[in-house]
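The structure appears right after this line, and notes come after that.
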Amino acid sequence: MSGRRTAPALVAVAVMVLAAGCATTQPVQPLGSAPATAAPATAVSTSGAASPDPALVAKRAALGIAPCPASGAAGGSGAAADGLPAVTTACLDGSGPVDLAALRGTPMVVNLWATWCGPCRTEAPFLAEVSKESATTVRFIGVDVADPDPAAALDFAGAQRWSYAQVADPDRRFSSQLGVVGIPQTVLVDASGRIVYRHAGALTSADQLRGLLRDHLGTS
């Protein structure tokens, strides 16, 4: 009799364990977050640059996307107070490393985006237009967040006619230390490396972006 009584109990325990396992593999994603998929081993690591991939370098150049600035270019030296986090990133083509926190001397627009982000597509033309207009006065940098395929991300950037440099943040180290929860987000950094403004969500027009540059970075 004891065997007949315990068998259903064991089955019930097994069902509960399986149910708990399914719950842990299908977490609910917050609005604006990346799909819960692990990046393949070929994805660029944020913690440092991998060896440049000749195919990705050639693709970036063919798409008209600028190479990444050398880490510490323009007289930078480490993170500024109230500045970008000192997290070394790799260029989206696998080259680098790039320390955005060390860039100095020119006001900077840092736009965080991803191929899976719908609002990023909406604001893309405004970034393309204003970045070309402001090329001599403002440095634009794109940060590709949590994308598993650098080649597809480069294709996306090229399709949006972004000609400015793009870095990779596949594991969200840069964006999380910057305090970014959802994307897109646009961060304005002055010439001394200090963050002077953040715009959460999609930009709504090129004129809006021009106004932000004028009001917070002093550009005309």
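The values are calculated or read from the model by the stated rules, or taken from the named source; none is laboratory data. Note that the structure is a prediction, hence the values are computed from the model and not measured. Glycine gets a Cβ as well: all are built from the backbone with ideal geometry, and neighbour counts include every protein chain shown. Quick note on the areas: whole protein, heavy atoms, side chains included, nothing else; ligands and nucleic acids left out. Shrake-Rupley method; radii C 1.70, N 1.55, O 1.52, S 1.80 Å.
List of remarks:
- Flag if Arg198 is touching an Asp or Glu at 6+ places or on another chain (Cβ under 6 Å) and of a type in the set (Lys, Arg): no
- One residue stands out in the range 118-148 among those that are assigned to a loop (DSSP other than H, G, I, E, B) and in contact with a Pro (Cβ under 8 Å, 6 or more places away or on another chain): the one that is nearest to Ser205 (Cα to Cα), namely Val138.
- The listed residues are Ala168, Ala101, Ala90, Ala153, and the only one of them that is out of contact with any Leu (no Cβ under 7 Å at 6 or more places or on another chain), open to solvent by less than 10 Å² (accessible area, probe 1.4 Å) and not in a loop (DSSP other than H, G, I, E, B) turns out to be Ala90.
- Residue count, the range 180-204 (criterion: open to solvent by less than 50 Å² (accessible area, probe 1.4 Å) and either in a helix (DSSP H, G or I) or small (Gly, Ala, Ser) (or both)): 5
- Within the range 128-162, tally of residues that are touching a helix residue (DSSP H, G or I) at 6+ places or on another chain (Cβ under 7 Å) and at negative phi: 16
- Pairing each residue of the range 175-202 that is in contact (Cβ under 8 Å) with a residue 24 or more places away in the chain and closer than 22 Å to Thr115 by Cβ with any residue that is of a type in the set (Lys, Arg) and open to solvent by 30 Å² or more (accessible area, probe 1.4 Å), provided the two are 6+ apart or on different chains, yields C-beta distances under 7 Å for Gln185/Arg198; Val187/Arg198.
- Test result for Leu212, touching a residue at least 24 places away in the same chain (Cβ under 8 Å), touching a His at 6+ places or on another chain (Cβ under 7 Å) and open to solvent by 10 Å² or more (accessible area, probe 1.4 Å): yes
- The requirement of being of a type in the set (S, T, N, Q) and open to solvent by less than 30 Å² (accessible area, probe 1.4 Å) is not satisfied by Thr137.
- Pro148, sole failed condition from (1) at pLDDT below 95; (2) surrounded by 22 or more Cβ atoms within 10 Å (Cβ to Cβ): (2)
- Any hit, the range 154-173, residues being within 16 Å of Leu92 (Cβ to Cβ), among the hydroxyl-bearing types (Ser, Thr, Tyr) and under 17 Å from the mean Cα position of the chain (by Cα): yes
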